[in-house]
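Asker: Supplied in structure tokens, the structure appears directly below.
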């Protein structure tokens, strides 16, 4: 087997997540708006990081969470993302490699420290994020290895990459290599505000470059500027080979040509923290897809993975997903 061989290579912003539980009063006192993601500078990052009580640290970032989910299911995942030569960079690399994800991106040079996302979870399971992008903004075309991309069945990228010009170049380079090798390119829209910033460019990507699209209801409706999910589905059906749209407790919808498959949400006793739900949905779906499973089974695995994540604190599986999925795969 090619030493670069993988089921999915995931490309994204390499971020160390720091999670803590707070009440809404604490959020207001800190000047935060519940449920939002705010980009912050290094001084604000240091201030908030120092004040976090009992913070849980783990390698994070949307595409990194997806890579870990794929590995937890038993798939071969490779991750590309940039960290600095600092203690948080060491923690990121150690953590993701311990999750059996291939990771060998060179450290960034310069003064920027490793990115971090300071996540505050309120009792209603809503997450409020303060993100310092730091070293991950230095990701560029030189970090994209042709052998790694061409040897992966799917190349998966997060929409957040579109914010930085060099990362955008890396994104396009990866797609070109992927398609030249006869592989599939996949995109997650990441966030409704991200879609608003780059709507026309994302629409062009989805129509002309992307084979597998992931989005939630708000993101897909924003992309097509409609309040109707059914209208958005009609648009994406015409524009993309395969798409998977998550709808929270209403499950998800898989759209492939004229086919529409509705997947129920996995039952969860209590929703604890929604951090990473979309990332792990993508992990489950891409794992199934790269194993050659039918689309309905891919959706069920995706729903199972997302359900596991929202049942506990943090964006990484608390138990091996392969064990949870075994009864489903044995049927």
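Asker: Applying the selection to segment 172-194, what residues are modelled with pLDDT of 95 or more and in a helix (DSSP H, G or I)? I'd like the intermediate steps shown before the answer.
Answerer: Pass one, segment 172-194, residues modelled with pLDDT of 95 or more: 172-189.
Hits for segment 172-194 are 172, 173, 174, 175, 176, 177, 178, 179, 180.
Asker: Would it be correct to say that residue 275 is touching a strand residue (DSSP E or B) at 6+ places or on another chain (Cβ under 6 Å) and within 23 Å of residue 205 (Cβ to Cβ)? Let's see the steps before the verdict.
Answerer: Working: touching a strand residue (DSSP E or B) at 6+ places or on another chain (Cβ under 6 Å): yes; within 23 Å of residue 205 (Cβ to Cβ): no.
Answer is no for this residue.
Asker: Contact list please: Cβ distance under 8 Å, first residue in segment 260-288 and buried (at least 24 other Cβ atoms within 10 Å of the Cβ), second residue at pLDDT below 95 and in a loop (DSSP other than H, G, I, E, B), pairs at least six apart or on different chains.
Answerer: Between residues of segment 260-288 that are buried (at least 24 other Cβ atoms within 10 Å of the Cβ) and residues that are at pLDDT below 95 and in a loop (DSSP other than H, G, I, E, B), the close pairs are 275/314; 275/315; 276/314; 276/315; 276/316; 279/315; 280/315; 280/317.
Asker: From 322, 256, grab the single residue that is in contact with a helix residue (DSSP H, G or I) (Cβ under 7 Å, 6 or more places away or on another chain), surrounded by fewer than 22 Cβ atoms within 10 Å (Cβ to Cβ), more than 14 Å from residue 70 (Cα to Cα) and modelled with pLDDT of 95 or more.
Answerer: Values: 322 fails: more than 14 Å from residue 70 (Cα to Cα).
Answer to the selection: 256.
Asker: To continue, here is another question. Please verify whether segment 117-132 includes one or more residues that are under 28 Å from residue 4 (Cα atoms), surrounded by 24 or more Cβ atoms within 10 Å (Cβ to Cβ) and in contact with a strand residue (DSSP E or B) (Cβ under 9 Å, 6 or more places away or on another chain). Let's see the steps before the verdict.
Answerer: Start the filter on segment 117-132 by keeping residues that are under 28 Å from residue 4 (Cα atoms), which leaves none.
No: segment 117-132 contains no residue that is under 28 Å from residue 4 (Cα atoms), surrounded by 24 or more Cβ atoms within 10 Å (Cβ to Cβ) and in contact with a strand residue (DSSP E or B) (Cβ under 9 Å, 6 or more places away or on another chain).
Asker: Since residue 168 meets every condition but one in (1) more than 30 Å from residue 270 (Cβ to Cβ); (2) in contact (Cβ under 8 Å) with a residue 12 or more places away in the chain; (3) assigned to a helix (DSSP H, G or I), which condition does it not meet?
Answerer: (2)
Asker: Out of (1) at pLDDT below 85; (2) assigned to a helix (DSSP H, G or I), the odd one out for residue 1 is which?
Answerer: Going through (1) at pLDDT below 85; (2) assigned to a helix (DSSP H, G or I) one by one, residue 1 breaks only (2).
Asker: With 140, 147, 74, 110 as the choices, which residue is buried (at least 17 other Cβ atoms within 10 Å of the Cβ), touching a residue at least 12 places away in the same chain (Cβ under 8 Å) and either closer than 24 Å to residue 302 by Cα or out of contact with any helix residue (DSSP H, G or I) (no Cβ under 6 Å at 6 or more places or on another chain) (or both)? It would help to see each step written out before you state the result.
Answerer: Numbers: 140 fails: either closer than 24 Å to residue 302 by Cα or out of contact with any helix residue (DSSP H, G or I) (no Cβ under 6 Å at 6 or more places or on another chain) (or both); 147 fails: buried (at least 17 other Cβ atoms within 10 Å of the Cβ); 110 fails: buried (at least 17 other Cβ atoms within 10 Å of the Cβ).
Going through 140, 147, 74, 110 in turn, just one is buried (at least 17 other Cβ atoms within 10 Å of the Cβ), touching a residue at least 12 places away in the same chain (Cβ under 8 Å) and either closer than 24 Å to residue 302 by Cα or out of contact with any helix residue (DSSP H, G or I) (no Cβ under 6 Å at 6 or more places or on another chain) (or both): 74.
Asker: Right, next: How many of the residues making up segment 150-172 are in contact with a helix residue (DSSP H, G or I) (Cβ under 7 Å, 6 or more places away or on another chain) and more than 23 Å from residue 89 (Cα to Cα)?
Answerer: Counting residues in segment 150-172 that are in contact with a helix residue (DSSP H, G or I) (Cβ under 7 Å, 6 or more places away or on another chain) and more than 23 Å from residue 89 (Cα to Cα) gives 5.
Asker: With the requirement that a residue be at pLDDT 85 or above and not in a helix (DSSP H, G or I), what does segment 20-32 give you?
Answerer: Correct list: 20, 21, 22, 23, 32.
Asker: Would you say residue 125 is at positive phi and touching a residue at least 12 places away in the same chain (Cβ under 8 Å)? Quick ask: steps written out before the conclusion?
Answerer: Working: at positive phi: yes; touching a residue at least 12 places away in the same chain (Cβ under 8 Å): yes.
When the stated conditions are applied, residue 125 passes them.
Asker: Got a sec? Which of 210, 220, 245 is within 18 Å of the chain's Cα centre (by Cα), in a loop (DSSP other than H, G, I, E, B), more than 24 Å from residue 123 (Cβ to Cβ) and free of Cβ contacts under 8 Å to residues at least 40 places away in the same chain?
Answerer: Working: 220 fails: in a loop (DSSP other than H, G, I, E, B); 245 fails: in a loop (DSSP other than H, G, I, E, B).
Every option except 210 fails the conditions.
Asker: Pick out the one residue from 309, 254 that is in contact (Cβ under 8 Å) with a residue 24 or more places away in the chain and part of a strand (DSSP E or B). Steps first, please.
Answerer: On the way: 309 fails: part of a strand (DSSP E or B).
Among 309, 254, only 254 is in contact (Cβ under 8 Å) with a residue 24 or more places away in the chain and part of a strand (DSSP E or B).
Asker: Looking at (1) farther than 17 Å from residue 325 by Cα; (2) touching a helix residue (DSSP H, G or I) at 6+ places or on another chain (Cβ under 8 Å); (3) not in a loop (DSSP other than H, G, I, E, B), find the lone condition where residue 271 falls short.
Answerer: With respect to (1) farther than 17 Å from residue 325 by Cα; (2) touching a helix residue (DSSP H, G or I) at 6+ places or on another chain (Cβ under 8 Å); (3) not in a loop (DSSP other than H, G, I, E, B), residue 271 is out only on (3).
Asker: Going through 35, 89 one at a time, which residue ends up being outside any strand (DSSP E or B), farther than 21 Å from residue 312 by Cβ and in contact with a strand residue (DSSP E or B) (Cβ under 9 Å, 6 or more places away or on another chain)? Spell out the reasoning first.
Answerer: Working: 35 fails: farther than 21 Å from residue 312 by Cβ.
Testing whether each residue is outside any strand (DSSP E or B), farther than 21 Å from residue 312 by Cβ and in contact with a strand residue (DSSP E or B) (Cβ under 9 Å, 6 or more places away or on another chain) leaves just 89.
The values are calculated or read from the model by the stated rules, or taken from the named source; none is laboratory data. This structure is a prediction, so every number in the text was calculated from the model and none was measured. Ideal geometry is used to build each Cβ from the backbone, glycine not excepted, and the neighbour counts take in all protein chains shown.
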